[in-house]
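Peer 1: Structure incoming, see below.
The values are calculated or read from the model by the stated rules, or taken from the named source; none is laboratory data. This one's a predicted model, so the numbers in the text were calculated from it and none came from an experiment. Neighbour counts run over all protein chains shown; Cβ positions are idealised from the backbone, glycine included. Side chains are part of the model used for accessible areas, which takes the heavy atoms of the whole protein and leaves out ligands, DNA and RNA. Shrake-Rupley method; radii C 1.70, N 1.55, O 1.52, S 1.80 Å.
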2 protein chains.
Amino acid sequence: MNDKKDYLHKLRHSAEHVLHQAMKELYPQILLAMGPATDDGFYFDFDSKPEGKEAVTITEADFPKIEKRMQEIIDQNLPITRHEINVIEAKKMFGENPYKMEWIEQAKERGDAISIYWTGKPDEKGSMVDLCAGPHVDSTGEIKAFKLLSVAGAYWHGDEKNKMLTRIYGTAFSSQKELDEHLNLLEEARKRDHRKLGKELGLFTFSDMVGKGLPLFTSKGATIWRELERYVVDEEIKHGYQHVRTPNLAKTDLYKKSGHYPYYKDTMYPAMKIDEEELILRPMTCPHHFALYMDKPRSYRELPMRLAEMARLYRYEKSGELTGLIRVREFTLADAHNFVRKDQAAEEVGNVLDLIEKIAGVLGLEKGKDYVYRLSLGDRENKEKYYDSPENWEYGEKLLRTVLEERKAPYYDAKGEAAFYGPKIDVQMKNVLGKEDTAFTVQYDFCLPERFGLSYRNEEGEQEQPIVIHRSSIGALERSMGFLIERYAGLFPLWLSPIQVGVVPVSDQVSAYAKSVHDAFIGAGIRSELNVENKTLGAKIRDFTLQKVPYLCIIGASEEKRAREEGKAYVSVRTREGKNRGVVVLSEFLAELTKHIEKKA
Amino acid sequence: MNDKKDYLHKLRHSAEHVLHQAMKELYPQILLAMGPATDDGFYFDFDSKPEGKEAVTITEADFPKIEKRMQEIIDQNLPITRHEINVIEAKKMFGENPYKMEWIEQAKERGDAISIYWTGKPDEKGSMVDLCAGPHVDSTGEIKAFKLLSVAGAYWHGDEKNKMLTRIYGTAFSSQKELDEHLNLLEEARKRDHRKLGKELGLFTFSDMVGKGLPLFTSKGATIWRELERYVVDEEIKHGYQHVRTPNLAKTDLYKKSGHYPYYKDTMYPAMKIDEEELILRPMTCPHHFALYMDKPRSYRELPMRLAEMARLYRYEKSGELTGLIRVREFTLADAHNFVRKDQAAEEVGNVLDLIEKIAGVLGLEKGKDYVYRLSLGDRENKEKYYDSPENWEYGEKLLRTVLEERKAPYYDAKGEAAFYGPKIDVQMKNVLGKEDTAFTVQYDFCLPERFGLSYRNEEGEQEQPIVIHRSSIGALERSMGFLIERYAGLFPLWLSPIQVGVVPVSDQVSAYAKSVHDAFIGAGIRSELNVENKTLGAKIRDFTLQKVPYLCIIGASEEKRAREEGKAYVSVRTREGKNRGVVVLSEFLAELTKHIEKKA
């Protein structure tokens, strides 16, 4: 499996060289900056306006022309060969390209060997050379299928102070079938993109007046949020958590004391100095929960003590890194800190994973398929990045591993991914494309209890230091919502649907009856919307269908007549999947929906 | 009624002069700074460490001695007389007192007449003079009853850069009976003080590490919060509100555009500049809700559009003004902005008052008794403080007044108390002492819709500007909690009680049975706590009683035996008021509690 991945990586990198060659032939004045392979393709960054040269503008309309030229280079089956050169030679070869010169200077400083890759015979016509660490496939003919995907702007080194370059994204596979499958997936992902669906379904928006990375949730989006939040809070309380509320502000000193400051200061908002105080927006909840723990002396009887909060947190992300609801500048974490005796820690980590799996299950996520665990370990050698306490690291890592092993959880190791204060288990969620991302974590912490001098009185009356399990149960609400929008493709389960039932009167004659049906839903706590607009029946049904409303109640003259005659309300029910349920007794339908909502299924 | 109030004010001011005279006789070196009458008494600020003089330390232990001397002065029935003098005379008389000299300078600048009040015959032994604007009662004998209450530090002019003075608080009445009643009320208020009860009941705490004015709610406090919040949100949704979620941050420019900035900049937190953005913590929600309104074109069909939010807001209060949960540096307002057509505004204000009265009723607050309305008007002359648009002011003020009149609401006028953007109705809550405070407001706004260019398409297809009703339904959650703690004296109604039932096993033999009873409560969604500590029955009952837990279930051998024999659980129930309900069937008690909780009674 890994061999295949490595091969694809080489193949894509080579496809990028072919793209480079085609581009240089078509637009000789451009300057290549960089062009790596990625997990699912490659990209190619170039300077489209080199100084003193005419600017080149590339749009997707140019792709067929470029792809045609690429295909010709592939069809020639040119060999791709590696050569080592020295710095003087390199500077001579790439002297006209300042981006390459920067790489050469860096390689020189590090004392690295400089390698170049030739496509085609060196120095012959129709060949191309690039400064490149490789590796590559042997010849261009191995590229059986490729596609250019999109074009965008990108700053050199991702820094907005640098020049804006042009980036072309593409991908390549060893067969057309694999490429087609991938393109289908991409199309599916595009359709499910939470930014696109969020707009279409009117769930959230952004405002230039308010600022970047600061989503505003409409009533519909906030409804999903509220359902999720109440469910998670209630579930956590059932699992023995104490839900608390702590401020979003704290003295800057608090984060110096906790030791977070040096690790987080780049993403923390600037401190606000007023009068004698210096306050800062919190990037995490730990110190606030520690302050609550420290509010009075604690006894072993109180442990495990699980302090949970829907905590609003603040981290300043670079504008280039902001992505819909996935990366924002203010977010709400379903956070908790579980204070335990050292001998309770293993069981408690198990409890936490039970809760995570319970909630994931309710959201329809399958362990091993939709998410796996990652055991993130520290690095004893790196004393700058990790709190120096080898025995504690050893103990904590072994503990987490044992918990994972004993519950036969799907997991893998990741060295150097731990928090500075201890090892952790990351919950790795897979998105529609199968791409894995850390959704949230369960951390084993022996370091902060020490720094804050946390303690409890043990059974012998002596002071002991607790272990703290930092954990989330669902991650950041913003990110979860983004993830769920994509996962459900906007087709939320009934309990999460912002509108659960759409009521559509066929004509004005039945609008009073339709209103009474709508009121019956509202009275039963079901989110109903009544459409009495001056539109055709078809248009009204279409509106609700586009809104992905799970159930439609069509109210016609026959339902109204029957209701009048039998003294019992009837509605004609249709599902968003287009299934016609026919005429049903309203009270029975209400009971069915209520049960369905309660089950969160 | 007002005559009585004026008389009491004079009486108390005169009592303060008597205190001054007594203090000067007992501690000649002190310097009087100021000493006004207040709504319920008086205070007396003096410099206890004048330069070059020996420092005087006053504690409550000194009160009997001071009160004795005051009583002697009162018994002498000295006349209190007013005299006008010029600046030269004033400076001669008060030259040794820098505080008085400051007053004299100010009076001189303003060109005011300078008045002094003599107690006793001018310049005779046993008399006293003070620079004072008055008025006073005619003689000290009118002070029939007085009491010194407390001593504290206070900065000159309330500014921490100035010298710290000593402040003695006291009060006076025209009869001993009235004084006794007042002292009883004060004692009651002291017992109900939410800061005291909050600590005793473990509802919230403050942390020096975190910062001043930033309360941390424990699980118990957060439980009350959650019940209140969920109730208010659900009630608002039932009343046609759309609950949304918007960020706590925004660009500073947003508040410049809204026009809030000049009025609020003193209490706003400093702006945070990072990269290209300048962000600020929001002091109010309006611009965020406007941004949501402006997200797409609006039609008259969408109005009234009511955007509501439990909005976290940030205002920096001076440390001297911070008071428990009443004045904090970060708070959560049950906020909303109702966008309406001008011809809908009156009805909408009525709807808002209906909602406020509904929620107040659920919390046990009686209109006219516990709260009244205040109609806060603008001042057409003051164009700096109020948006300049006389017709709109006229219209808005008349509209609010008509609404209040038509519903026969108890209200009074307050000129110059409007918001800068329009008139408002303030909800004036009365505390335990009968003191009135603005809890929150309903504002009529014609100004911000203009500034933001808000509009909707009317029935004729033309763009029109909506009116915005800014309103809260319960005010800030922090303040409401503080208020409710005092109102209920910690004896929360069942639905708000952090622990609803305490389960107490009489012995270890019945602890399994007690656990099953506790689990039955939890399973039914009732907040139960099981006390299995190694304590006596009496101590356990006492613990729950101190926590003001509404119901106690005592589990003894007989209940356990009966349950075993009859296959039906029994518990012995006792209320926090000490009423013994005897042995009841658990399932019936559960049903009773559930019903009781649902009714929020």
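Peer 1: If residue B:291 passes every condition in (1) open to solvent by 40 Å² or more (accessible area, probe 1.4 Å); (2) closer than 24 Å to residue B:452 by Cβ but one, which one does it miss?
Peer 2: The number of the failed condition is (1).
Peer 1: If you don't mind, there's one more thing I want to ask. Taking residue B:334 as meeting all but one of (1) assigned to a strand (DSSP E or B); (2) open to solvent by 50 Å² or more (accessible area, probe 1.4 Å), write down the number of the exception.
Peer 2: Going through (1) assigned to a strand (DSSP E or B); (2) open to solvent by 50 Å² or more (accessible area, probe 1.4 Å) one by one, residue B:334 breaks only (2).
Peer 1: Just to verify a result, which residue in region B:518-537, among those that are in contact (Cβ under 8 Å) with a residue 12 or more places away in the chain and among the charged types (D, E, K, R), is farthest from the other protein chains (Cβ to nearest Cβ)?
Peer 2: B:529
Peer 1: Would you be able to say whether some residue in region A:312-325 is at the interface with chain B (Cβ under 9 Å from one of its Cβ atoms) and at pLDDT 95 or above?
Peer 2: Initial filter on region A:312-325 (at the interface with chain B (Cβ under 9 Å from one of its Cβ atoms)): A:312, A:314, A:316, A:318-319.
Then drop every residue that is not at pLDDT 95 or above, which leaves A:312, A:314.
Checked against the condition, which is being at the interface with chain B (Cβ under 9 Å from one of its Cβ atoms) and at pLDDT 95 or above, region A:312-325 yields at least one hit.
Peer 1: On to the next question. Given (1) modelled with pLDDT of 95 or more; (2) surrounded by fewer than 19 Cβ atoms within 10 Å (Cβ to Cβ); (3) within 27 Å of residue B:278 (Cβ to Cβ), where does residue A:341 come up short, assuming only one miss?
Peer 2: Failing condition for residue A:341: (3).
Peer 1: Regarding residue A:450, is this residue more than 14 Å from chain B (Cβ to nearest Cβ), of a type in the set (Asp, Glu) and assigned to a helix (DSSP H, G or I)?
Peer 2: Values: more than 14 Å from chain B (Cβ to nearest Cβ): yes; of a type in the set (Asp, Glu): yes; assigned to a helix (DSSP H, G or I): yes.
Yes.
Peer 1: Let me ask something else about it. Quickly run through region B:58-70 and pick out the residues that are loosely packed, with under 15 Cβ neighbours inside 10 Å and over 32 Å from the mean Cα position of the chain (by Cα).
Peer 2: Those that are loosely packed, with under 15 Cβ neighbours inside 10 Å and over 32 Å from the mean Cα position of the chain (by Cα): B:64, B:65, B:68.
Peer 1: Under 8 Å between Cβ atoms, which residue pairs at least 6 apart in sequence (or on different chains) link something in region B:500-512 that is β-branched (Val, Ile, Thr) with a partner that is surrounded by fewer than 16 Cβ atoms within 10 Å (Cβ to Cβ)?
Peer 2: B:504/B:537; B:506/B:537; B:506/B:557; B:510/B:557
Peer 1: Yes or no: region A:307-328 includes at least one residue that is in a strand (DSSP E or B), in contact with a Pro (Cβ under 6 Å, 6 or more places away or on another chain) and of a type in the set (S, T, N, Q).
Peer 2: Taking every residue of region A:307-328 in turn, none turns out to be in a strand (DSSP E or B), in contact with a Pro (Cβ under 6 Å, 6 or more places away or on another chain) and of a type in the set (S, T, N, Q).
Peer 1: What tally of residues in region A:255-276 results from selecting those that are surrounded by 19 or more Cβ atoms within 10 Å (Cβ to Cβ) and farther than 28 Å from residue A:356 by Cβ?
Peer 2: Residues that pass the stated criteria total 2.
Peer 1: Take region B:207-222 and flag every residue that is in a loop (DSSP other than H, G, I, E, B), more than 7 Å from every other protein chain (Cβ to nearest Cβ) and over 18 Å from the mean Cα position of the chain (by Cα).
Peer 2: Residue satisfying the conditions is B:208 alone.
Peer 1: May I ask you to list the residues in region A:43-60 that are more than 23 Å from residue A:14 (Cβ to Cβ) and aliphatic (A, V, I, L, M)?
Peer 2: A:55, A:56
Here's the yes/no breakdown for (1) out of contact with any Cys (no Cβ under 8 Å at 6 or more places or on another chain); (2) polar (S, T, N, Q); (3) surrounded by fewer than 12 Cβ atoms within 10 Å (Cβ to Cβ):
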site	(1), (2), (3)
B:511	yes, yes, no
B:519	yes, no, no
B:535	yes, no, no
B:543	yes, no, no
B:556	yes, no, no
B:570	yes, no, no
B:579	yes, no, yes
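Peer 1: Let me ask something additional. Scan region B:177-204 for residues that are within 18 Å of residue B:481 (Cβ to Cβ) and either open to solvent by 20 Å² or more (accessible area, probe 1.4 Å) or assigned to a loop (DSSP other than H, G, I, E, B) (or both) and jot them down.
Peer 2: Once the filter is applied, which keeps residues that are within 18 Å of residue B:481 (Cβ to Cβ) and either open to solvent by 20 Å² or more (accessible area, probe 1.4 Å) or assigned to a loop (DSSP other than H, G, I, E, B) (or both), region B:177-204 yields B:189, B:191, B:192, B:193, B:195, B:196, B:199, B:200, B:201, B:202, B:203.
Peer 1: Further, regarding this structure: Can you spot a residue in region A:71-83 that is part of a helix (DSSP H, G or I), touching a Ser or Thr at 6+ places or on another chain (Cβ under 6 Å), surrounded by 19 or more Cβ atoms within 10 Å (Cβ to Cβ) and touching a residue at least 24 places away in the same chain (Cβ under 8 Å)?
Peer 2: Yes.
Peer 1: Further question on the same structure: Taking the stated definitions as given, is residue A:102 open to solvent by 60 Å² or more (accessible area, probe 1.4 Å) and not β-branched (Val, Ile, Thr)?
Peer 2: yes
Peer 1: Can you find a residue that is open to solvent by less than 40 Å² (accessible area, probe 1.4 Å), in the same structural domain as residue A:331 (by TED's automatic domain parsing) and more than 16 Å from residue A:345 (Cβ to Cβ) anywhere in region A:394-406?
Peer 2: No, region A:394-406 contains no residue that is open to solvent by less than 40 Å² (accessible area, probe 1.4 Å), in the same structural domain as residue A:331 (by TED's automatic domain parsing) and more than 16 Å from residue A:345 (Cβ to Cβ).
Peer 1: Consider only pairs whose beta carbons are under 6 Å apart and that are at least six residues apart or on different chains; among these, list those whose first residue lies in region B:262-273 and is more than 16 Å from residue B:420 (Cα to Cα) and whose second residue is surrounded by fewer than 16 Cβ atoms within 10 Å (Cβ to Cβ).
Peer 2: B:271/B:278
Peer 1: A further question on this structure: Being more than 13 Å from residue B:80 (Cα to Cα), surrounded by 19 or more Cβ atoms within 10 Å (Cβ to Cβ) and not aromatic (Phe, Trp, Tyr), is that true of even one residue in region B:132-144?
Peer 2: For region B:132-144, residues more than 13 Å from residue B:80 (Cα to Cα), surrounded by 19 or more Cβ atoms within 10 Å (Cβ to Cβ) and not aromatic (Phe, Trp, Tyr): absent.
Peer 1: A further question on this structure: Tell me the residue from B:258, B:207, B:219, B:175 that is out of contact with any strand residue (DSSP E or B) (no Cβ under 8 Å at 6 or more places or on another chain) and either hydroxyl-bearing (Ser, Thr, Tyr) or under 25 Å from residue B:544 (Cβ atoms) (or both), please.
Peer 2: Values: B:207 fails: out of contact with any strand residue (DSSP E or B) (no Cβ under 8 Å at 6 or more places or on another chain); B:219 fails: out of contact with any strand residue (DSSP E or B) (no Cβ under 8 Å at 6 or more places or on another chain); B:175 fails: out of contact with any strand residue (DSSP E or B) (no Cβ under 8 Å at 6 or more places or on another chain).
Answer to the selection: B:258.
Peer 1: Consider residue A:329 carefully, then state whether it is closer than 30 Å to residue A:155 by Cβ, under 21 Å from the mean Cα position of the chain (by Cα) and open to solvent by less than 10 Å² (accessible area, probe 1.4 Å).
Peer 2: For residue A:329, the condition - closer than 30 Å to residue A:155 by Cβ, under 21 Å from the mean Cα position of the chain (by Cα) and open to solvent by less than 10 Å² (accessible area, probe 1.4 Å) - is met.
Peer 1: I would also like to ask the following. Can residue A:481 be described as open to solvent by 10 Å² or more (accessible area, probe 1.4 Å) and out of contact with any Lys or Arg (no Cβ under 7 Å at 6 or more places or on another chain)?
Peer 2: The answer is no for residue A:481.
Peer 1: Please work out which one of (1) outside the structural domain of residue B:335 (by TED's automatic domain parsing); (2) under 30 Å from residue B:313 (Cα atoms); (3) under 25 Å from the mean Cα position of the chain (by Cα) is the condition residue B:499 fails and give its number.
Peer 2: (3)
Peer 1: Please name all residue pairs, on different chains or six or more residues apart, with Cβ atoms under 9 Å, provided the first residue is in region B:538-562 and is in contact (Cβ under 8 Å) with a residue 60 or more places away in the chain and the second residue is among the polar types (S, T, N, Q).
Peer 2: These pairs meet every condition: B:548/B:497.
Peer 1: Test residue A:349 against the criterion of being under 25 Å from the mean Cα position of the chain (by Cα), over 30 Å from residue A:205 (Cα atoms) and away from chain B (no Cβ under 14 Å), and give yes or no.
Peer 2: yes
Peer 1: Still on this structure: Looking only at region B:194-206, filter to residues that are under 18 Å from the mean Cα position of the chain (by Cα) and touching a residue at least 60 places away in the same chain (Cβ under 8 Å); which one of those is nearest to the other protein chains (Cβ to nearest Cβ)?
Peer 2: Ranking the candidates gives B:204 first.
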